[in-house]
1. Examine region 40-50 for a residue that is out of contact with any Lys or Arg (no Cβ under 8 Å at 6 or more places or on another chain) and either among the aromatic types (Phe, Trp, Tyr) or at pLDDT 85 or above (or both), and state whether such a residue exists.
2. For region 1-17, how many residues meet the condition of being under 31 Å from the mean Cα position of the chain (by Cα) and part of a loop (DSSP other than H, G, I, E, B)?
3. Restrict the check to region 100-114 and report whether at least one residue is exposed (fewer than 11 other Cβ atoms within 10 Å of the Cβ), modelled with pLDDT of 85 or more and in the same structural domain as Leu154 (by TED's automatic domain parsing).
4. Can you give me the ranges of the helices (runs of 4 or more DSSP H) entirely in region 76-195 with at least 1 residues that are in contact (Cβ under 8 Å) with a residue 60 or more places away in the chain and either under 25 Å from Arg36 (Cα atoms) or β-branched (Val, Ile, Thr) (or both)?
5. Which residues, counting only those in region 115-134, are modelled with pLDDT of 85 or more and at positive phi?
6. Pick out the one residue from Arg192, Arg150, Arg141 that is out of contact with any helix residue (DSSP H, G or I) (no Cβ under 6 Å at 6 or more places or on another chain), among the basic types (Lys, Arg) and closer than 24 Å to Ile79 by Cα.
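The values are calculated or read from the model by the stated rules, or taken from the named source; none is laboratory data. In this text the structure is predicted, and so the values were computed from the model without any measurement. Neighbour counts run over all protein chains shown; Cβ positions are idealised from the backbone, glycine included.
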Amino acid sequence: MCEHLIYILKAMAQIGLEPVAQLALYRLGVRLGWYRWRERAIGRGEAAVSSEPHTDWVALPDPEALRSVAGPDGVAEAISLADEIVAGRYRPFGGESSALRLDFPFPHAHWTAYERGAVQIPFSAAGCPYPDIKFIWEPARFGWAFTLGRAYRLSADERYPRTFWRYFEAFCAAQPPFFGPQWMNGQEVALRLLA
């Protein structure tokens, strides 16, 4: 108990009272089931999503200018990497090619169950080489979507947006909102939103 109090006091001295209080409130909400209750109160209605691209908030580079900057080798590399994704492979952490899996063969619990440690993630069933959540999170960060976007901008090949939507729909079907390890970290959700 005394060590815990010292830990809290050190945290308040280093980062301030407000962040420590926010963390305490968050952890209390997880323990009391506030987030589960709140999500049920909101409901699981379908969100209206437009199929029209929203490019008015960012100016996309002219494809010809992009090809000029990338050069023939850069264009070939972008197309090659995107073709890997079309074939079901991607390069996690910028490394070796690996299968792009967005579904995992285990039942999902509510994200707060993972957060509390009440449910363990079966890493071996998910095909993870090590028991580390980053191997489950990495494909769902959608970093590979930028590769498809670059290749599409360079080539106008419709396979690339079709591939994105196929994987996106597979992710949505396999990872329902609020359920599974993909939803236990707000930063991971934010990375998907950025992509």
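1. Our first condition is that a residue be out of contact with any Lys or Arg (no Cβ under 8 Å at 6 or more places or on another chain); within region 40-50, this holds for 40-50.
The next check asks that each one be either among the aromatic types (Phe, Trp, Tyr) or at pLDDT 85 or above (or both); those that pass are none.
The answer is no, given that none of the residues of region 40-50 is out of contact with any Lys or Arg (no Cβ under 8 Å at 6 or more places or on another chain) and either among the aromatic types (Phe, Trp, Tyr) or at pLDDT 85 or above (or both).
2. Result for region 1-17: 1.
3. Looking through region 100-114, none of the residues is exposed (fewer than 11 other Cβ atoms within 10 Å of the Cβ), modelled with pLDDT of 85 or more and in the same structural domain as Leu154 (by TED's automatic domain parsing).
4. Those helices (runs of 4 or more DSSP H) span 111-116, 144-155, 159-174.
5. Gly117
6. Arg192
Rundown of residues vs (1) of a type outside the set (S, T, N, Q); (2) assigned by TED's automatic domain parsing to the domain that holds Glu96; (3) closer than 22 Å to Ala87 by Cβ; (4) crowded, with 20+ Cβ neighbours inside 10 Å, yes/no style:
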{"site": "Phe146", "(1), (2), (3), (4)": "yes, yes, yes, no"}
{"site": "Asp157", "(1), (2), (3), (4)": "yes, yes, yes, no"}
{"site": "Thr163", "(1), (2), (3), (4)": "no, yes, yes, yes"}
{"site": "Glu169", "(1), (2), (3), (4)": "yes, yes, yes, no"}
{"site": "Pro177", "(1), (2), (3), (4)": "yes, yes, no, no"}
{"site": "Gln187", "(1), (2), (3), (4)": "no, yes, no, no"}
